[in-house]
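*Asks:* Take a look at the following structure, please.
The values are calculated or read from the model by the stated rules, or taken from the named source; none is laboratory data. Please read these numbers as outputs of a predicted model, since none were measured by experiment. Here Cβ is always computed from backbone atoms with ideal geometry, including for glycine, and neighbour counts include all displayed protein chains.
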Amino acid sequence: MPRSRTVRRHRWWWIGGGAVLVAAVIAGLVFQPWLLFVDVRVDDEIPAAATPVASPAAASVAPEPVDVVTPAPPAGPVDLLTGSLISHEHETSGAVRVIENPDGSRQLALVGLQTTNGPDVHVWLSAGPVVEGRDGWYTAADYDRIDLGPIKGNLGDQLYDIPADADLTVFRSVDLWCVQFGVSFGAAALT
């Protein structure tokens, strides 16, 4: 075989190998497969929900004393809505609470979250329904939503502030949405 053919063949091997290496690096940066093996635990302090406290009413003028009990406003945070996460594209579990604080601010709590880590996963309040199974993987993208920000971690307890103007009669579900791949990791209906 002539020497020039051998040199050309080696050159194509180097070019092909370099192209494969560049493609592998790009794929790694896009898909970030190492995140599947990295857990991030978050332990935000989730406020306990207060229960209304009964207080006796003012003394009655009736001839026989009657104790009238009227509920006093709660002394702490109150749960407005709750739900349980179901799995979509990734195995996901945990509880969801919408908490109203005494100052009127609201927060979304993910309690005992367990899911897979992934690139660009966000916490959404969604106007869409929660659909079980593969059909639910893509549902949230078709509805109005409020992005509460990137997920803090894939394990543990987390708090997210809800904008004051968010209408919780419209946004009745929570979705853990992978923006990069347009798929839901898991979702919860709020009741």
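*Asks:* Only residues that are buried (at least 19 other Cβ atoms within 10 Å of the Cβ) and of a type in the set (D, E): list them for segment 147-162, please.
*Replies:* Answer for segment 147-162, where residues must be buried (at least 19 other Cβ atoms within 10 Å of the Cβ) and of a type in the set (D, E): just D157.
*Asks:* Among the listed residues D165, D175, which satisfies the condition of being touching a helix residue (DSSP H, G or I) at 6+ places or on another chain (Cβ under 6 Å) and not polar (S, T, N, Q)? Steps first, answer last, please.
*Replies:* Values: D165 fails: touching a helix residue (DSSP H, G or I) at 6+ places or on another chain (Cβ under 6 Å).
The unique qualifying residue is D175.
*Asks:* Please enumerate the residues belonging to segment 175-191 that are among the hydroxyl-bearing types (S, T, Y) and either at pLDDT below 95 or surrounded by fewer than 17 Cβ atoms within 10 Å (Cβ to Cβ) (or both).
*Replies:* Of everything in segment 175-191, just one residue is among the hydroxyl-bearing types (S, T, Y) and either at pLDDT below 95 or surrounded by fewer than 17 Cβ atoms within 10 Å (Cβ to Cβ) (or both), namely T191.
*Asks:* Still on this structure: Would you pick out the residues in segment 147-183 that are closer than 14 Å to L113 by Cβ and in contact (Cβ under 8 Å) with a residue 60 or more places away in the chain?
*Replies:* The answer is K152, G153, N154, L155, G156, D157, Q158, L159, V174, L176.
*Asks:* Using the structure shown, decide if D144 is without any contact (Cβ under 8 Å) to a residue 12 or more places away in the chain and more than 28 Å from A75 (Cα to Cα).
*Replies:* Working: without any contact (Cβ under 8 Å) to a residue 12 or more places away in the chain: no; more than 28 Å from A75 (Cα to Cα): yes.
Criteria not met by D144.
*Asks:* Right, here's the next one. If you go through segment 67-78 one residue at a time, do you hit one that is closer than 23 Å to D157 by Cα, modelled with pLDDT of 95 or more and in contact with a strand residue (DSSP E or B) (Cβ under 7 Å, 6 or more places away or on another chain)?
*Replies:* yes
*Asks:* Could you tell me whether V121 is touching a Leu at 6+ places or on another chain (Cβ under 8 Å), β-branched (V, I, T) and crowded, with 22+ Cβ neighbours inside 10 Å? Don't jump to the end; show me each part of the working.
*Replies:* Values: touching a Leu at 6+ places or on another chain (Cβ under 8 Å): yes; β-branched (V, I, T): yes; crowded, with 22+ Cβ neighbours inside 10 Å: yes.
Yes, satisfied.
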